[in-house]
Structure formats: structure tokens, C-alpha cells
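Participant: One structure coming up, written as C-alpha cells, with questions to follow.
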Amino acid sequence: MVPVVQIYRGSVPDIVPFPDGCDLLQVLWCPRKHSGGRWVVPHVRWREADAVSEVRTAAPSPVEKWENYVPRPCVVHPEPVTEYPSWDLDDGLWDELEFRFLDLDERTGWDYQSHLSTAPGTKLVGYPGWSQDPKWPDCAECGNRMEHLLTVESTEADALSRPAWTPIEEAQAPHQGPGLILGDLGGVYLFECHTCPGRPFTQRYDCP
């Protein structure tokens, strides 16, 4: 297993619904090719930071791994943004708003899907950045639709969406992605059930 994301509750207050008694979210995955069309096999851990007795000084490096599935080590600085549904937008509402979207694009150059709806790249909660038709999973235990927990994508943004979603203070900084190639530059979406004990989770794989 290799680490993918580690987030403390204090870094995302009132954004990510942490379980009671937990203040640390860790997501790892196995960076090997798997059967059944699975690029990686994720694992989600909710923990109490003070209960971690021994902190590793370096991430584990499995002997067998697919280098394209190992993220580039980096420090993240979470920033809250407001999202609106893109592919998840109801068909009837899309038909009603389509001419307004086209008018906005013509007048301002802002495209609803690329600039104003779902943020690209790695993110917590919000809407998955579907490249294909949405496939929200249902919980295998209770049958309820699961909630989006995390998106990990091969790139943080493409050339079209980057101007809208890049922080102003980083606009002139060299762009570095996570160093991943998931499928055809796609992403992995993690979902969890907030109803069932233990927060069961599952994943979806998506690529253009």
C-alpha cells in the first residue's frame, strides 16, 4: 500500500464529515494492476491522530508496483470552493438552463462545465468530476446512495479549466500534477455510506 491522501479534521472544518472521535483521514491504495478492470485498490482509514504511536519518516515503497499509480509526494493546502453539478445536473434543468449557459459563454468566455460547475483535480466531497455518465453507487448493506468522499485524478486541471480553478497566488507558478496515470488519464472516485456502522466505502473508475 502507498499513501495517497492524509487530511486532518482541522484542515477542513465543517467540510468533511469526520466520524465521532476521529480527526485524521488517511487514504491508501495498492499500486498494482488488478483483475476486473481495477486500476488500484483503495483503503480508507479514519483515525485519532493522538493514537498514532509511531510516525513514519518515509512512505512505504512496495517491491511490486506500477509507477504510474504512485502519487508524487507533496503537501496539500485545502481550499474550500463552491461547486455546482455538471454531469449530475438533472436533464430537465439542463434543458431549461442550456441557453443561459450558451449566452454566458458567448458574452464572457466562461464555460459552465469547465469553469463554473465541478472543480477538477484531487478534492474532498462535492461532486465527482465525471468524464462519462454518472454512476453513483448504492451501499451494499443498506441500499442507500453513497456519498462522494474523495476524487483523485491523473491531472489537477486541463488547459481549459486551469485559469478558473488555479488559486490566484499560484497563477504564475510552474504547474505540477500528482504524477499519476490512471487509465487514460482518468480518475478514481471514493464513496462512503454515512448510515451504516464502520462507514463502508467503494470506488468508481472513470476516464475520458
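Every number in this text was worked out from the coordinates using simple rules, so none of it is lab data. Note that the structure is predicted; figures quoted are calculated from it, not measured. Because the Cβ atoms are built from the backbone with ideal geometry, glycine has one as well, and the counts that use them run over all protein chains shown.
Participant: Suppose a student asked you for the relative contact order of the chain, using Cα pairs under 8 Å spaced at least 6 residues apart; what percent would you report?
Facilitator: 18
Participant: Sticking with this structure for a sec: If I take R0 = 30 Å and measure r between the Cβ atoms of Gln132 and Glu169 in this structure, what FRET efficiency does the formula 1/(1 + (r/R0)^6) give, to the nearest 0.05?
Facilitator: 0.35
Participant: Also: Could you give the size of the charge dipole of the chain about its Cα centre, using +1 on the Cβ of each K and R and -1 on the Cβ of each D and E, expressed in debye and rounded to the nearest 20?
Facilitator: On the way: 17 positive and 32 negative charges, 223 e Å.
Its charge dipole is roughly 1060 debye.
Participant: Right, here's the next one. In debye to the nearest 20, how big a dipole does region 113-208 give about its Cα centre with +1 on each Lys and Arg Cβ and -1 on each Asp and Glu Cβ?
Facilitator: 120
Participant: Then there is this: Using the basic label-point model (7 angstrom from Cα toward the beta carbon), what is the Phe99 to Arg47 distance in nanometres?
Facilitator: With each label point 7 Å from Cα toward Cβ, the separation is 5.6 nm.
Participant: Any idea which of Gly129, Cys74, Thr166 is furthest toward the positive side of the dipole for the chain, if Lys and Arg beta-carbons carry +1 and Asp and Glu beta-carbons -1?
Facilitator: Checked the options; the winner is Cys74.
Participant: Build a GNM of the chain with springs between Cα atoms under 10 Å: which of Glu83, Glu169, Glu156 gets the top mean-square fluctuation?
Facilitator: For the chain, modelled as a Gaussian network with Cα springs under 10 Å, the answer is Glu169.
Participant: Using only Cα atoms, locate the centre of region 1-51 and the centre of region 152-208, then give the distance between them in Å, rounded to an integer.
Facilitator: Here the two parts' Cα centres lie 14 Å apart.
Participant: Kindly express, to the nearest 10 degrees and within the range 0 to 90, the angle between helix 91-108's C-alpha long axis and the longest C-alpha principal axis of the chain.
Facilitator: Approximately 70 degrees, to the nearest 10.
Participant: How big is the convex hull of the Cα atoms of the chain, per residue, in Å³? The partial results should precede the final answer.
Facilitator: Values: hull volume 31.8 nm³, N = 208.
Residue-normalised Cα hull volume stands at 153 Å³.
Participant: With n ≥ 4 as the cut-off for DSSP H runs, can you work out [θ] at 222 nm for the chain, using -39500 (n - 2.57) per run divided by the number of residues, rounded to the nearest 500?
Facilitator: -3000 deg cm²/dmol
Participant: Turning to a different aspect of this structure: So how do Tyr112, Tyr189 line up by other beta-carbon neighbours within 10 Å, fewest first?
Facilitator: Tyr112, Tyr189
Participant: Okay, moving on. Which one of Ala140, Gly37, Ala51 has its Cα pushed farthest toward the positive end of the charge dipole of region 1-157, where Lys and Arg give +1 and Asp and Glu give -1 at the Cβ?
Facilitator: Value computed over the given set: Ala51.
Participant: Using the crude model of +1 on Lys and Arg Cβ and -1 on Asp and Glu Cβ, and no other charge, please compute the dipole size for region 35-122 relative to its Cα centre, in debye to 20.
Facilitator: Here region 35-122 has a charge dipole of around 820 debye.
Participant: Turning to a different aspect of this structure: Give me Thr118, Thr166 ranked fewest to most by other Cβ atoms within 10 Å of their Cβ, as a rough exposure proxy.
Facilitator: Values: Thr118 22, Thr166 17.
If I rank by nearby Cβ atoms, fewest first, I get Thr166, Thr118.
Participant: Over all distinct Cα pairs, what is the inverse of the mean 1/r for region 1-85, reported as the Kirkwood hydrodynamic radius in Å?
Facilitator: The answer is 14.9 Å.
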